[in-house]
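First the structure, in the form of structure tokens, and then the observations on it.
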Amino acid sequence: MSKLRIILADDHGVVREGLKSLINGQSDLEVIGATGDGASACQMAEELRPHVVVMDVSMPGMTGDRAAARLKENCPEIKILALTVHEDKEHLRRLLAAGASGYLLKLATGEELLRAVRVVAAGGVYLDPAVAGKVVGELVNEPERSAPAQEARLTEREAEVILRVARGFSNKEIAAQLDISVKTVETHKLRSMEKLKLRSRADVVQFALKRGWLTPA
């Protein structure tokens, strides 16, 4: 069985070694690289093309959200799992906007980290259980961005595309899954976001969570 290839990015050597040991102890996972800053994490990922980059949000030189944005631009197929001590919605919003598919607190257990890696690798969105309830609760209390009538105007294909956008798939991956062209995906994505009055991928993920399209973890 082919293993999921992982790159670790954390500026604490002890943390990196602990994560490496944990991940390499799994029969389906393998750490193929580890580094201590965002810029070198991007360079390493661009060269080695892992399935998942597990990335600390607070690193010297290039922060996690900036590194995530660069990675998603240059290697959109790579999934990003953000590690953080921050539980507030603004940090989550920034990471989702940058392209992260997972948000895990550093206080999480090893089992939770392994589950998060597998979820994002499979194309899912993972929110740490400790923050998921709080974040979804805040989203529910936010003013509606669109009326039900606007949501109802989505065609079946538009709904299929926007759900996959929320789950973190790239336009190329969505095109392959739905057997349509990348240009068609982009058109459906743009029309869906216009109808729902969503401005970014973070808005799409939050909208999907609020509608129950995604499980928080």
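Name the helices (runs of 4 or more DSSP H) wholly within region 12-75 that hold at least 2 residues that are in contact (Cβ under 8 Å) with a residue 24 or more places away in the chain, farther than 19 Å from residue 99 by Cα and out of contact with any helix residue (DSSP H, G or I) (no Cβ under 6 Å at 6 or more places or on another chain)? Quick ask: steps written out before the conclusion?
Values: elements: 13-24, 38-48, 64-74.
Hits in region 12-75: 13-24.
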Residue 96 - would you say it is touching a residue at least 40 places away in the same chain (Cβ under 8 Å) and not in a loop (DSSP other than H, G, I, E, B)? yes
Counting just the residues of region 169-195 that are within 20 Å of the chain's Cα centre (by Cα) and of a type in the set (Asp, Glu), which one comes out surrounded by the most Cβ atoms within 10 Å (Cβ to Cβ)? 173
Given (1) at pLDDT below 90; (2) closer than 29 Å to residue 175 by Cα; (3) buried (at least 17 other Cβ atoms within 10 Å of the Cβ), number of the condition residue 63 does not satisfy: (2)
Got a sec? Which of 16, 5 is charged (D, E, K, R) and under 19 Å from the mean Cα position of the chain (by Cα)? 5
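The values are calculated or read from the model by the stated rules, or taken from the named source; none is laboratory data. Predicted, not measured: the structure shown is a model, and the values here were computed from it. When we count neighbours, we look across all protein chains shown, and the Cβ atoms used for this are built from the backbone with ideal geometry, even at glycine.
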